[in-house]
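Please treat every number below as a calculation from the coordinates, not as lab data. Fair warning: this is a prediction, and the values are worked out from it, not measured in the lab. Don't worry about glycine lacking a Cβ; one is built from the backbone with ideal geometry, like all the others, and counts go over all protein chains shown.
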Amino acid sequence: IYILGIESSCDDTSAAVICNGKILSNVVANQEIHTKYGGVVPELASRAHQQNIVPVIQQAIQQANIDKKDLNAIAFTRGPGLMGSLLVGTSFAKSLSLALDIPLIAVNHMQGHVLAHFIEDETQQKPPFPFLCLTISGGHTQIVKITNYFTMEVLGETIDDAVGEAYDKSAKILGLPYPGGPLVDKYAQLGNPKAFKFTKPKVDGLNFSFSGLKTGILYFIQKKVIENPNFIEENLNDICASIQYTIVEILFDKLKKAVKETGIKHIAIAGGVSANSEIRKVLKSTEERFGWNTYIPKFEFTTDNAAMIAIVGYLKYLENDFSDENTSATARLKVSEN
Ligand code: ATP
Ligand code: FE
């Protein structure tokens, strides 16, 4: 079964072809344009998707070494995301499904992040049900309980900023270009995580909060720069390591709590921030420390990509769960909504 996946929820245009759950191609076109503005500009994102979508899909089909007539279905991201961006992928998917006369499958982007673990790939292991997934991305920070492919329950989530935002905004304060998350990760590896201390938020239950941390970092840096204008340059590695240490502590405090409350010890991570080297390392270490079974996605399945959309499409295809032509893009969509 050949499935074409199309992802256009934010600022990456991506298309992938999978055959029986195995990847044949996974093409991602990043949009450089947003770097200049220090964040994603929705209007520019839609335009870039419009330009990229045809070549990206053609490349995906070509790299897969198939003909578009071989495709059995088209899966596309219907939400959540930026409306203008989602509309480009949705309209294109609908037209192509009409032209090829094959079924259309609407996919929830957040389910895509979680279910990327089920892409057939020798470098990753599939978690057994039920498992918990710490979904950490540019727009989400959640602990999700997954009972089966399409039964997902949010046990806790951020009440303000997402962890990806915390990374990117901290990076911006340090004068690093957008998206700064991967750079903070890179410099952090060279620094002392105990060099500076940032306050952790107090939030009830399994919920998270990251906006206080961002403000704390901003005030700290402002104060230090007044004392020494070269403070950031001289301490960049230590600052990044200390920020990362605090973020990792916040995440794992809640994850430990979730394991205690649910008794579930199969723990996965997903989303763009799950590319983070320290988070991956600390999660791995819980196998020995706490006896957890951990599931770390292949690097290329962490940030937005169409392979994760295609795998959800494949799982839905097996259940004959198709969408009709009235299905529409939805900017807001919970992970629990199919
Ligand atoms: P959502 O999936 O919630 O709609 P999104 O699709 O925009 O949001 P993703 O593409 O999943 O988000 O993730 C992007 C985020 O991941 C950015 O905030 C980026 O900085 C962050 N990120 C990527 N790599 C790393 C890393 N190594 N360390 C920390 N953050 C990272
Ligand atoms: Fe995403």
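Quick look at the numbers
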read-out	value
Choice from Lys254, Lys224, Lys186 showing the highest fluctuation, given a GNM over the chain with Cα pairs closer than 10 Å	Lys224
Mean Cβ neighbour count within 10 Å, used as a protection proxy, ranking 245-251, 226-232 highest first	245-251, 226-232
Value at 222 nm in deg cm²/dmol, rounded to 500, when DSSP H runs of n ≥ 4 in the chain each add -39,500 (n - 2.57)	-14000 deg cm²/dmol
Alpha-carbon centroids, segment 232-250 and segment 265-310: separation in whole Å	21
Phi to ³J(HN,Hα) by Karplus 6.51 cos²θ - 1.76 cosθ + 1.60 over segment 60-69, Hz, x for Gly, Pro	4, 5, 5, 4, 6, 6, 10, 9, 4, 6
D_trans [Stokes-Einstein, Kirkwood Rh over alpha-carbon pairs] for the chain, 20 °C, 1.002 mPa s, µm² s⁻¹	105
Net charge over other residues, Cβ less than 13 angstrom from the Cβ of Ile247 (K, R count +1; D, E count -1)	-3
Per DSSP, loop GluC sites (Glu not before Pro) in segment 259-322 with at most 12 further Cβ within 10 Å	Glu319
Fluctuation leader among Gln222, Gln111, Gln244 - the chain, Gaussian network, Cα springs under 10 angstrom	Gln222
Segment 148-186 versus segment 109-130: alpha-carbon centroid distance in Å	20
Lys334 paired with Asp67, simple spin-label distance in nm, labels 7 Å along Cα-to-beta-carbon	4.6
Relative intensity, log₁₀ I(q)/I(0), of segment 197-332 from a Debye sum that treats every alpha carbon as a point, q = 0.09, 0.15 Å⁻¹	-0.44, -0.97
Within a Gaussian network of the chain (alpha carbon springs, distance under 10 Å), most fluctuating of Arg289, Arg280, Arg78	Arg289
